[in-house]
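Just so it is clear, none of the values below were taken in a lab; they were calculated from the coordinates. All of these numbers come straight from a predicted model, not from anything done at the bench. Note: ideal-geometry Cβ built from the backbone for every residue, glycine included; neighbour counts use all protein chains shown.
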Amino acid sequence: MRTIVIGGGIAGAAMAIALQRTGHEVTVYETYAVPPEQVGAHLGLAINGLRALEGLGLLKEVQAAGYPIERMRFFTPRGNLVGDAPRLRRETDSLRSVVIYRGHLVGILRRAAIDAGAKIVTGERMVNASESATGVWAEFASGRTDTADLLVGADGIHSTVRGLIDSSAPRAEYAGLYGVAGVSNMTGLETGIWNLTYSRSGAFVHTTIDENTQWWAAQIGDPVKPDMRGIDDAEWLRRITELFPEDMPQAIIGSATAIVSSGYLSYLDPVRTWHTGRMVLVGDAAHPVGVGHGASVSLEDSLELAAALSNAPTVPAALQAFDAARRPRIERLLKHGNNARETKRPSAMRRQIDLAKMRLVLPFFDKVQGYMYDYQPPALPAVGKPQSARH
Ligand SMILES: Cc1cc2nc3c(=O)[nH]c(=O)nc-3n(C[C@H](O)[C@H](O)[C@H](O)COP(=O)(O)OP(=O)(O)OC[C@H]3O[C@@H](n4cnc5c(N)ncnc54)[C@H](O)[C@@H]3O)c2cc1C
């Protein structure tokens, strides 16, 4: 069965591995031609995402390219500890969450997809697609066209495929927050800890990678979308030094050696229609569950869709089965993602309420958030076994 995947990010590259291993002939089309290693800041992978990577055969490689993070700590603007909890795992999980550069993760996934036999075509932006009862057709900005049995839209929160599946689908909007990420060299901090300081401007996160290195990200609340064109590293440092006057952010920003990325955070209303008969959305295109979990859930999608396609008699039946299986978990995660984003908005009153809530909730962290990490990926049938969803 031939499958076109639109988007060569985390969801698209993982999808290509899972589908190729279950007998599909996959071509991934990606807009940007730059090597993935050069794109983006760092991100955290939760235990459920690591289990999905294990299902894809890449857990060890990703662990080796990233850093284990043991715990997370939350601080008031004055630097008082609000709470301490295991980072992106249950207390009893033996696996440790991993922080890794997004580009390194995408690079590992793309290489594995190519090793599994997938084609990855970069520099091609899909602009249109349509389907018939027997196949799909896709058109690219270059004029190139392609056909297949299935089209997977892994084209991110600003997805084009989403609007082709349902013209009334929601569009992503500026979430009232923007982010700047960087690297600092400071000594004397405990390693393997993710720290979040609530600030008057938003939230400041620093993760201690080793005894000398901190990867940090400032999320700044601003109801008016700022113009970020032409801001150089020195100007970013000047701005965030001013925006985050609290002691810990000041110390980290003061030791900065590089700015690695900046960008807007977007919000998407829930997407009711994830698929037609032969087109389906995965990853952020379908459900941006939020900073901290979106990558892990995108990795889950790849195994879930590949399993549905292996087990159902037809492509349309497989897409329906995928939707039915994923909805309950995704809806729960979306609700959590919305709450987490709201706590980063700066408002003195709301901050006091959020901190009070957090103090109450953190002792019951496993009970409240444990379901996120309990995910067990489906086993994929070995290549060579008969594939059910052939048409
Ligand atoms: C500031 C920030 C921090 C985050 N931190 C974390 C974190 O710590 N942990 C975590 O799990 N998640 C995190 N996330 C969320 C995570 O980044 C996303 O959930 C994840 O990247 C989704 O992957 P994706 O492949 O679905 O989409 P994307 O990563 O957006 O990839 C989509 C790809 O499709 C390509 N594309 C788009 N349109 C087309 C087209 N028409 N034709 C061809 N190609 C196209 C794009 O170029 C891109 O490469 C964070 C997000 C943000 C904004």
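In which sequence would LYS367, LYS225 go, from the one with the fewest C-beta neighbours within 10 Å to the one with the most?
On the way: LYS367 9, LYS225 12.
Least crowded to most crowded, the residues run LYS367, LYS225.
Set the Förster distance to 41 Å, then compute FRET efficiency between HIS158 and ASP210 from the Cβ-Cβ distance, nearest 0.05.
0.70
Suppose every K and R has +1 on its Cβ and every D and E has -1 on its Cβ; what is the size of the dipole of the chain about the Cα centre, in Debye to the nearest 20?
The dipole of the chain has a size of about 740 debye.
Given the options LEU95, LEU56, LEU303, state which has the largest fluctuation in a GNM of the chain using a 10 Å cut-off (strictly under) for Cα springs.
Comparing LEU95, LEU56, LEU303 in a Gaussian network model of the chain, the most mobile one is LEU95.
Taking every DSSP beta bridge with both residues inside the chain, roughly what % is antiparallel (nearest 5)?
Roughly 70 percent of the beta bridges in the chain run antiparallel, per DSSP.
Taking H placed 1.01 Å from N in the peptide plane, check which residues at least 5 places from SER97 or on another chain put their amide H under 5 Å from its amide H.
Counting only residues 5 or more places away or on other chains, the set is ILE69.
Past the 32 Å Cα-Cα mark, which pairs from LYS225/LYS367; LYS119/LYS335; LYS60/LYS367; LYS60/LYS225?
LYS225/LYS367; LYS119/LYS335; LYS60/LYS225
Taking 0.36 nm per residue of separation and subtracting the Cα-Cα distance, what length does fully extending ILE231 through ALA64 add?
56.8 nm is the gain from fully extending ILE231 to ALA64.
Restricting to DSSP loop positions (anything but H, G, I, E, B) with no more than 14 other Cβ atoms inside 10 Å of their own Cβ, which trypsin sites (Lys or Arg not before Pro) remain in the stretch 30-88?
Those that pass, being in a loop and sparsely packed, are ARG78.
Report the calculated FRET efficiency for THR145 and ASN311 (r = Cβ-Cβ distance, R0 = 35 Å), to the nearest 0.05. Show your work: numbers first, answer last.
Numbers: r = 31 Å, r/R0 = 0.88.
Once rounded, the FRET efficiency stands at 0.70.
Along the Cα-to-C-beta direction of ALA251, a point sits 7 Å from the Cα; which residues of the stretch 172-204 have their amide N less than 12 Å from that point?
Within reach of a label on ALA251, which here means backbone N under 12 Å from a point 7 Å along Cα→Cβ, the stretch 172-204 contributes 186-190.
Just how large is the dipole of the stretch 173-267 about the Cα centre, in debye to the nearest 20, putting +1 at every Lys and Arg Cβ and -1 at every Asp and Glu Cβ?
Once rounded to the nearest 20, the dipole reads 220 debye.
Karplus couplings for the stretch 219-236 from phi (6.51 cos²θ - 1.76 cosθ + 1.60, θ = phi - 60°), rounded to Hz, Gly and Pro as x?
10, 10, x, 7, x, 9, 4, x, 7, 9, 6, x, 8, 8, 4, 4, 5, 4
Could you list SER97, SER167, SER184 so that the one with the fewest beta carbons within 10 Å of its beta carbon is first and the one with the most is last?
Fewest to most other Cβ atoms nearby, the residues stand as SER167, SER184, SER97.
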